[in-house]
Amino acid sequence: MTEPIALKQLAATIGSGGPRALRQLMGDHPLLVLGISPPCHEAAVEEPTRTVRLDVGDETHASNKLQPFALLGSESTVFAVATSPASPFPGVVTVGRAPTSDIVLESSSVSKLHALIRGSEATEWRLIDNGSLNGSTLNGQSLEAHREYPLLLSDALSFGGVRGIFLDAPGVCVLLGRVAPKK
């Protein structure tokens, strides 16, 4: 399993290498870019939506939901959405405070087993709140516990007080300004 990396460190590490360099470092997985945010209401951070198209070699990345990028702080961390080899839940990525989680979030607002991410590159991704105390959101909407919700690239999400974005390698490169988006 790939270790999480600070967004600033990731930017320095991949340099101008773009999505290919990022995949070499983090693997060919979707990525969660998460940063602990100050307490505020989701509505307070709404911004206009803009459509961005990114062409990198033979790949195209399009998003009309880049407003979540404003939710991230300078201390954001990038996590590969991947199951650890020792996971008792094959095909499910666990998110929580417990050190056995696939994605460990060290915040008191996050439950030990806060949420699950299910899916693969061949299928669609799904987000499930595991009945956490402080809840999870997807694009500003609170999630019902134990119900699956479709998770798409560029979706904004939160686990307790930890907010972030679900991206792929080209999306993270746009975030870092390593590849100029084409409109």
Checklist entry - Taking 0.36 nm per residue of separation and subtracting the Cα-Cα distance, what length does fully extending ASP28 through GLU124 add? => result 33.0 nm
Checklist entry - Given a cut-off of under 8 Å on Cα pairs at least six residues apart, what relative contact order in percent is computed for segment 73-114? => result 30 percent
Checklist outcome for this item: Here, trypsin sites (Lys or Arg not before Pro) of segment 102-147 satisfying both criteria (DSSP loop; at most 12 other Cβ within 10 Å) are ARG147
Checklist entry - Can you work out ³J(HN,Hα) from phi for every residue in segment 103-113, in order, using Karplus 6.51 cos²θ - 1.76 cosθ + 1.60 and θ = phi - 60°, giving whole Hz and x for Gly and Pro? => result 10, 8, 10, 8, 9, 5, 7, 9, 6, 4, 10
Checklist entry - Do any GluC sites (Glu not before Pro) in segment 93-183 lie in a loop, going by DSSP, with at most 13 other beta-carbon atoms within 10 Å of their beta carbon, and if so which? => result GLU106, GLU121, GLU124, GLU144
Checklist outcome for this item: Karplus ³J(HN,Hα) for segment 75-90 (6.51 cos²θ - 1.76 cosθ + 1.60, θ = phi - 60°; Hz, whole; x = Gly/Pro) runs 9, 5, 10, 9, 10, 6, 7, 8, 7, 6, x, 8, 5, x, 10, x
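Each reported figure results from applying straightforward, stated rules to the coordinates on display, with no laboratory input. Note that the coordinates shown come from a computational prediction; the quantities given were computed from them, not determined experimentally. For neighbour counting, all protein chains shown are included, and Cβ atoms are generated from backbone atoms with ideal geometry for every residue, glycine included.
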